[in-house]
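See structure below.
Each value in this text was obtained by applying a stated rule to the coordinates, not by laboratory testing. None of the values given here were measured: they were computed from a predicted structure. As a convention, Cβ positions derive from the backbone with ideal geometry for all residues, glycine included, and neighbour counts pool all protein chains shown.
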Amino acid sequence: MKMGCFMFSAVFWGVIVVVIGLSIISNAFGIKIPIMKIMLGLLFVYMGMSMLTSGFGCKAKCKSFMSDLKVDPSDAKEGEYSVIFGKGEVDLTALLPKQNGEAVKVKTIFGESHIKIDPLKPFRIKIKAVFAGASTPDGNVVSFGEYTYNTEAAKNSENVISVEVSTVFGGVKITDK
């Protein structure tokens with residue numbers, strides 16, 4: 001189960017409703033339960049278990065856990081790159097646009113990533129951030145929420161290079177050459 005999908009699953013919301021229900025019942029009997037601490041603890045336990053069992057949806061040699069990840073332009077391809085408790089540099093300047101191509105995914109959790117793109121190529125970068133900082137070449141910074149950045153070439157092109165950037169408690173800097 002991927003981390004992004006977990007937040008929208010029935011299991012996640014079921015646990016939230018049960019914890020809130022137990023808190024309401026216990027408050028009626030004078031027992032105080034710290035809901036936020038319990039939910040934060042459960043989130044950390046889930047993230048830890050996912051890391052130990054090779055979770056977060058990483059399929060190949062794309063994961064950096066407590067280390068550095070460096071992806072050169074010649075190595076860059078469609079796929080998924082994850083930086084967890086580490087630092088990553090992903091150079092996507094050599095990618096070419098494809099019709100209906102798969103998106104390149106860069107995930108940063110409790111880490112720092114630097115993504116390089118070519119401003120002359122049609123890049124469409126969808127950024128999702130939660131308690132993070134993701135900066136784009138146009139000067140925008142996303143801390144919480146979603147933002148889509150398009151290069152000038154992407155505004156007039158049907159074939160684009162799709163990049164999905166997700167960051168949780170981390171930092172991502174997207175720069176052009």
Problem - Per-pair calculated FRET efficiency, R0 = 22 Å: Phe85 and Ile20 via Cβ, rounded to 0.05 - result: 0.15
Handout entry: Phi-based couplings in Hz for region 22-27 (Karplus 6.51, -1.76, 1.60; Gly and Pro marked x)
Key = 5, 5, 5, 5, 5, 5
Handout entry: Simple label model, 7 Å out from Cα along Cβ direction - Lys70 to Lys126, nm
Key = 3.2 nm
Handout entry: Listed peptides 150-163, 102-115 by packing density, highest first (mean Cβ within 10 Å)
Key = 102-115, 150-163
Handout entry: Restraint check, Lys37/Lys105; Lys116/Lys155; Lys105/Lys128; Lys87/Lys155; Lys87/Lys121, Cα-Cα greater than 21 Å
Key = Lys37/Lys105; Lys87/Lys155; Lys87/Lys121
Handout entry: Pairwise label distance in nanometres, Phe44 with Ala94, each label 7 Å out on the Cα-Cβ vector
Key = 4.1 nm
Fill in the blank from the handout: Taking a ≥ b ≥ c as the square roots of the eigenvalues of the Cα gyration tensor, with a/c under 1.5 meaning rounded and otherwise prolate when a/b exceeds b/c and oblate if not, region 63-176 is oblate
